[in-house]
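Q: The structure follows.
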Amino acid sequence: MTSPGLASPHGREAPYGRDARTSRSRGWALIRPAVVAERSALGAMVAWSLLEAVPVLLSGRLMASALDQGFLAGSPSTGLACLGAYAVTLLLGAVGARQVMTPLARVVESVRDRLVHLVVFASLRRSAQTDAEADASAVARTTRQTEAVRQMAAGLLMTARTVVFSVAAVVLGLLTLVPEVALVTAVSLAASGVLLVRLSRSLRHRYATSLAAEEQLAGEAGQVLRGLRDVYACGAVLTAERQVGEAVDAQAAASMAAGRLGAGRLGVIAVGARLPLVATLLMAPWLVRSDAASPGEVLGAATYLVTGLEPALRSMVHSVANVGLHLGVLLLRLADHVTVPPAPAGGKARPAHAALELHEVTFAYGPGSAPVVDHLSLSIAEGEHLAVMGPSGAGKSTLAGLLAGLERPDRGDVRIGGSRAAELDPTWLRRTVVLVPQESYVFVGSVRENLAYLRAESAPEDHELDATVELFGLTELLARLGGRDAVIERPGALSEGERQLLVLARVYLSTASIVILDEATCHLDPVAEARAEQAFITRPGTLVVIAHRISSVLRAPRVLVVEQGNVVDGSHRELRQRSALYADLMIGLNAE
Ligand code: ADP
C-alpha cells in the first residue's frame, strides 16, 4: 500500500446545464413520417381547398361586373345576377370547406398516434435503462402536450390551407382586375412578412422559456409529491414549499412575458391588409380618371382586400403565426423527450465477489483543489473486517465514498467485486455495497417497511425480523411503537440512537455483501455500539468501519490509520511500530 497525500479541498461543482440549442427541423422530423404516410389525404385536402377558394377568386371580379355592367350601366338585373352568382360561389366554397375536414382528420390523427407511440416508448426505454419506475408525471405531461399538438396541428393545417389559397386567389384576382393595386398589395405583404418573421423570433423565444418554466414547475411539484413522505421525514417542508413556489413564480412571469409580445401581431395585419386598402382608396380617383380602372374594378379590388386578404391575414397572424410557433416549440420539446440517449457504456457488470481494491487512486473535490486522496492503493479481501481511524478532516469519509462507488476517482482505479465502479450496473452496485453515514434516515411507514427497505429480492420473514430486532437491542422500542406493523408517524420523535439502530438493522437485513459504516454508531452508547458491530462482524461479507471510538478500532483485526499527509495500515502489532498516531492513541488508552 502507498500513502495518500491529504489536503483541504474546496467544494466540487456539480455539472449542470442542458444544451438548449436544437434545430427546428427536429420537431418536423418527428411528425414527417405520419404526414407523408397520409399523402392521399393531403391530395384530397388540396383539391377541396381549391373549391373552397373559388368565392375569393371570383368575388372582386363579380363585384366589378355587378357595378360596371349592372347597376351603373342601368341594368339592375345583370347586377343582381352577378351578386347571385357570387352567392352560388359561396355555397361551393362552403362545400369545399366541409369536405376538407375528413382528410384533415386523417392526417392529424396519424400525427397524434405517432407522437403518443414515441412518447410512451421513450418513457419506457428511459425507465428500463435506469431500472426506475416510469416517470408517470413526465408521461402525463408529454401526452398532454401531444394532445395539444393534435389540436394545434388540426387548426394550423386548416388555417394555413385557407390562407395560402385565399392569398393566391386575391393576388391572382387583383392582377387580372387592377394590376396597380396588385403591386401595392405585394409590397405591403412583403413588409408584413418581414414584420411577422421578426415577431415570430421573439415569440418563439418567449414561448420556449414559458414552456421550460412549466416543465420545471411540473418536475419540482412531481418530485415533491413523489417524495412527500421523505419531505416530512426530513423536516424539509419549508424548503420544498420554497422550491415549488419559485417555480410557480417563474412560470407565471414567463407566460405573462409571452402574452405581452402577442400585441405586436396587430401591426402585421395593419401593414399587410389595411395599408393596401388605404392606398387603393387614395389611388381610386387617379385610377378612374386615367382609365386605368373602372369604378366597378376599384370596388372589386377593395372587395378582394376586405373580404379575401384581411381575413386571411388575420387567420395567419392569430392562428398560423401563434399556433404555428407554439406547435414548433412543443414539437421540439417532444423531440427532446423522445430522444433517449443510449445507456452509459459499461454499466452492465455485476460484482463477482465482495473484495474492494484501490489502485493508485487520486481524488480531489474540485479541479483546482489539492487531492484528499493521493495515489492510494489498498486491497480489502472478501470477508475482511477493516477499521479506519484518523483525525477529523483527514479524508476517512471521502475514502468511504470512493470504496462505495459514490465518488469517482480523478485518477486510478476503484474495483468493487472485481469490476471498476463505473462499469458496474448501478442497481447491482446499490444492492452489493451499502454505505451507512452518521445521519440515519427513518421514513414514515411501518417498522417492517423501514427494516425491509434494502431487501431487494424477498421481504424478510417475521422470525428473521424478530431475530434482528433482538440482535440490535430494539425489542423494547418495537414494543413501545406497537409491533412490527406499527407505523412510525413521526420519525423525528425517535432519539438519534434509536434511528441509528433501526437503520443498522435495515442494513443488516439487506442483501449487501459489502457494508461500510461511516461513524454510523456515533449516537449509540458503547454497549449498543459493540452489540451492533458484533452483529456485522458475524454477518457474512466485507466490513469497513470508519471508527468513532477506539473500541471499534480494537475490534478489527486490521486497521487503516489516516492522518494528515500519511496513510498506514496493518495489524495492531504492526501499527504500534509504524504509526505515531496509533501509538499515541494506544498509550493514552493504556494510561486510562
Ligand atoms: P473525515 O471523514 O476524515 O472527517 P472527510 O473525508 O469528510 O474527512 O473530508 C476530507 C476533506 O475533504 C476535508 O477537508 C473536508 O473539508 C473536505 N470535503 C469533504 N467533503 C467535501 C465536499 N463535498 N466538498 C468539498 N470538500 C469536501
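The values are calculated or read from the model by the stated rules, or taken from the named source; none is laboratory data. Values in this document were obtained by computation on a predicted structure and should not be read as measured data. Backbone-built Cβ (ideal geometry, glycine too); neighbour counts: all protein chains shown. We work out accessible area using only protein heavy atoms, side chains counted, and drop any ligands, DNA or RNA first. Shrake-Rupley method; radii C 1.70, N 1.55, O 1.52, S 1.80 Å.
Q: Keeping the other protein chains in place, figure out the carbon and sulfur percent of the accessible area of the chain, with a 1.4 Å probe.
A: Of all accessible area on the chain, carbon and sulfur atoms account for 60 percent.
Q: Once amide H atoms are built 1.01 Å from N in the peptide plane, which residues 5 or more positions from V373, or in another chain, come under 5 Å H to H?
A: Those qualifying (amide H under 5 Å, at least 5 residues apart or on another chain) are F363.
Q: Need the C-alpha centroid separation for the range 522-558 versus the range 405-470, integer Å.
A: Distance between centres, Cα-based: 18 Å.
Q: Can you give me the Cα centroid spacing of the range 30-53 and the range 265-338 in angstrom?
A: Their Cα centres are 24 Å away from one another.
Q: With contacts defined as alpha carbon pairs under 8 Å and 6 or more residues apart, what's the relative contact order of the chain in percent?
A: Normalised by residue count, the contact order of the chain is 18 percent.
Q: Still on this structure, I have one more. With a 1.4 Å probe and all protein chains kept in place, how do I537, I416, I587 rank by accessible area, largest first?
A: Ranked list, largest accessible area first: I587, I537, I416.
Q: Please determine, in degrees from 0 to 90 and to the nearest 10, the orientation of helix 275-289 with respect to the longest principal axis defined by the Cα atoms of the chain, where the helix direction is its Cα long axis.
A: Compared with the principal axis, the helix lies near 10 degrees.
Q: Additional query: Report the full-extension gain for the segment S495 to A221: residue separation times 0.36 nm, less the Cα-Cα distance, to one decimal in nm.
A: Stretched out fully, the S495 to A221 stretch lengthens by 95.5 nm.
Q: Would you tally the net charge around G272, using a Cβ to Cβ cut-off of less than 15 Å, leaving G272 out, and scoring K and R as +1, D and E as -1?
A: Charge balance near G272 sits at +3.
Q: Express in nm, to one decimal, how much length is gained between S75 and T143 on full extension, taking 0.36 nm for each residue of separation and deducting their alpha carbon distance.
A: Gain in length upon complete extension: 18.3 nm.
Q: Now for a different question. For every other residue with a beta carbon closer than 13 angstrom to the beta carbon of A169, add +1 if it is Lys or Arg and -1 if Asp or Glu, then tell me the sum.
A: Once positives and negatives cancel, what remains is +1.
Q: Hey, with R₀ at 51 Å, roughly what FRET efficiency would T239 and E574 work out to, going by the Cβ-Cβ distance, to 0.05?
A: Working from the Cβ atoms, E equals 0.60.
Q: Packing-wise, with mean Cβ within 10 Å as the measure, how do 353-366, 474-487 rank, highest first?
A: So the peptides 353-366, 474-487, ranked by packing, come out 353-366, 474-487.
Q: Then there is this: Tell me, what is the per residue accessible area of the range 525-575 in Å², probe radius 1.4 Å?
A: 40 Å²
Q: Specify the angular offset, from 0 to 90 degrees and rounded to the nearest 10, of the alpha carbon long axis of helix 462-471 from the longest principal axis of the alpha carbons in the chain.
A: Long axis of 462-471 versus the principal axis of the chain: about 50 degrees.
Q: Using the Cβ atoms and a cut-off under 13 Å, what net charge is assigned to the surroundings of H572, where Lys and Arg are +1 and Asp and Glu are -1?
A: After counting each charged neighbour, the total is +3.
Q: Per-residue accessible area for V88 at 1.4 Å probe radius, Å² rounded to 10?
A: Result for V88: roughly 80 Å² accessible.
Q: Here's a follow-up. Can you give the FRET efficiency to the nearest 0.05 for E464 and S551, using r as the Cβ-Cβ distance and R₀ = 30 Å?
A: That gives a FRET efficiency of 0.60.
Q: Next question, about the same structure. Roughly how tilted is helix 101-130, in degrees to the nearest 10 and between 0 and 90, from the longest Cα axis of the chain?
A: 10 degrees
Q: Place the peptides 572-580, 393-401 in order of packing, highest mean first, counting for every residue the other Cβ atoms within 10 Å and averaging per peptide.
A: 393-401, 572-580
Q: For D113 and V164, calculate 0.36 nm times their separation in residues minus their Cα-Cα distance, and state this gained length in nm to one decimal.
A: 15.7 nm is the gain from fully extending D113 to V164.
Q: Still on this structure, I have one more. Label point 7 Å out from R480 along Cα-to-Cβ: which residues of the range 499-529 have amide N under 19 Å?
A: Hits in the range 499-529 for R480 at 19 Å: 499-506, 521-529.
Q: Quick check: with the 1.4 Å probe, what order do E215, E423, E439 take by accessible area, largest first?
A: Ranked from most to least accessible, the order is E439, E423, E215.
Q: Please calculate how many Å² of accessible area the range 215-303 carries per residue, with a 1.4 Å probe and no DNA, RNA or ligand atoms counted.
A: Here the residues of the range 215-303 average 56 Å² of exposed surface.
Q: Using the Karplus curve 6.51 cos²θ - 1.76 cosθ + 1.60 with θ = phi - 60°, what ³J(HN,Hα) values do you get for each residue of the range 412-423, in whole Hz, with x for Gly and Pro?
A: After applying 6.51 cos²θ - 1.76 cosθ + 1.60, I find x, 10, 10, 10, 10, x, x, 10, 4, 3, 5, 8 Hz.
Q: Which FRET efficiency value, to the nearest 0.05, is calculated for H318 and A37 with the Förster distance at 30 angstrom and r the Cβ-Cβ distance?
A: Once the sixth-power term is evaluated, E becomes 0.50.
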